[in-house]
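Colleague: Supplied in structure tokens, the structure appears directly below.
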Amino acid sequence: GNQELRPRAGHRAVLALIQLLVATTDPLQGVEAVGDEAGLSAALARLCRVVRPGSLVFVISDFHALDGDAFAQLARLRRHNDVIALQILDPIEVEAPPPGRYAIRDAVGDGVLDLRSAASRRDYERELAVREERLQTGLVQAGIPLLRLLTTDRIEQFTEFIRRVNA
């Protein structure tokens, strides 16, 4: 689901953001969470209505739910604000895991991801590349830089980036 933090400055704001990231990227919570039917597009539309022009806006997401309307909302947001997209991904969303069969659960239900064959691994990585290219192209057109953070990265990498932006 979508989480929104009110604008605040200082170390407490950064700590609140980190605590929210830790809570929302917990694997068990992710499996048990109910999907947000309104999606990223609706959250971005709300943001466009309430953000003050000239603001620095971080949109933190896996960006899987980006559709044409969400890209339009991002472009609208960018017209009057500095916007940075921060994509948080699991390593399995960047490249195929080792060959094997993997139990998966998503909003649709339980399933099996079969990546034993070279062909299935190629198809999997091709799908990841298409998704990434679509995201990159849309954000470039909107003039929004994309930063990527893996769930396996150390949190210090994120906090150091936040410190640099707030300096």
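The values are calculated or read from the model by the stated rules, or taken from the named source; none is laboratory data. What you see is a predicted model, and the numbers here were worked out from it, not measured in a lab. Cβ sites come from the backbone with ideal geometry, for glycine too, and all protein chains shown count toward neighbours. Ligands, DNA and RNA are excluded from the accessible area calculation, which covers all protein heavy atoms including side chains. Shrake-Rupley method; radii C 1.70, N 1.55, O 1.52, S 1.80 Å.
Colleague: For region 128-155: of the residues being in contact with a helix residue (DSSP H, G or I) (Cβ under 8 Å, 6 or more places away or on another chain) and among the hydroxyl-bearing types (Ser, Thr, Tyr), which is surrounded by the fewest Cβ atoms within 10 Å (Cβ to Cβ)?
Modeller: If we filter region 128-155 for residues that are in contact with a helix residue (DSSP H, G or I) (Cβ under 8 Å, 6 or more places away or on another chain), which is where we start, we get 128, 138-139, 141-147, 149-152, 155.
With the extra rule that they be among the hydroxyl-bearing types (Ser, Thr, Tyr), the set shrinks to 151-152.
On the way: Thr151: 14, Thr152: 9.
Ranking the qualifying residues of region 128-155, first place goes to Thr152.
Colleague: When you check Glu127 against the structure, is it out of contact with any Leu (no Cβ under 6 Å at 6 or more places or on another chain) and within 17 Å of Ala70 (Cβ to Cβ), yes or no?
Modeller: no
Colleague: List the residue pairs whose Cβ atoms are under 7 Å apart, where the first residue sits in region 65-77 and is open to solvent by 50 Å² or more (accessible area, probe 1.4 Å), the second is in a helix (DSSP H, G or I), and the two are 6 or more positions apart or on different chains.
Modeller: Once the first residue is open to solvent by 50 Å² or more (accessible area, probe 1.4 Å) and sits in region 65-77, its partners that are in a helix (DSSP H, G or I) give Ala65/Gly39; Ala65/Leu40; Asp67/Ser41; Asp69/Ser41; Arg76/Cys48.
Colleague: Output yes when any residue across region 105-127 is out of contact with any Lys or Arg (no Cβ under 7 Å at 6 or more places or on another chain), modelled with pLDDT under 90, outside any loop (DSSP other than H, G, I, E, B) and under 30 Å from Arg12 (Cβ atoms), and no when none is.
Modeller: no
Colleague: Any residue in region 113-127 that's within 16 Å of Ala103 (Cα to Cα) and open to solvent by 50 Å² or more (accessible area, probe 1.4 Å): show its pairings with residues that are among the hydrophobic types (A, V, I, L, M, F, W, C) and outside any helix (DSSP H, G or I) at Cβ separation under 7 Å, as long as the two are six or more apart or on different chains.
Modeller: Arg121/Ala96; Arg121/Leu115
Colleague: Another question, then. If Ala103 passes every condition in (1) under 16 Å from Arg148 (Cα atoms); (2) open to solvent by 80 Å² or more (accessible area, probe 1.4 Å) but one, which one does it miss?
Modeller: Ala103 satisfies every listed condition except (1).
Colleague: Can you pull out the residues in region 79-92 that are surrounded by 19 or more Cβ atoms within 10 Å (Cβ to Cβ) and either more than 16 Å from the chain's Cα centre (by Cα) or polar (S, T, N, Q) (or both)?
Modeller: The one that is surrounded by 19 or more Cβ atoms within 10 Å (Cβ to Cβ) and either more than 16 Å from the chain's Cα centre (by Cα) or polar (S, T, N, Q) (or both): Gln87.
Colleague: Tell me which residues, restricted to region 67-104, are in contact with a helix residue (DSSP H, G or I) (Cβ under 7 Å, 6 or more places away or on another chain) and assigned to a helix (DSSP H, G or I).
Modeller: Passing the criteria: Asp69, Ala70, Phe71, Gln73, Leu74, Ala75, Arg76, Leu77, Arg78, Glu93.
Colleague: Follow-up. Out of (1) at pLDDT below 85; (2) more than 23 Å from Glu156 (Cα to Cα); (3) open to solvent by less than 80 Å² (accessible area, probe 1.4 Å), what's the single condition that is false for Ala42?
Modeller: Failed condition: (1).
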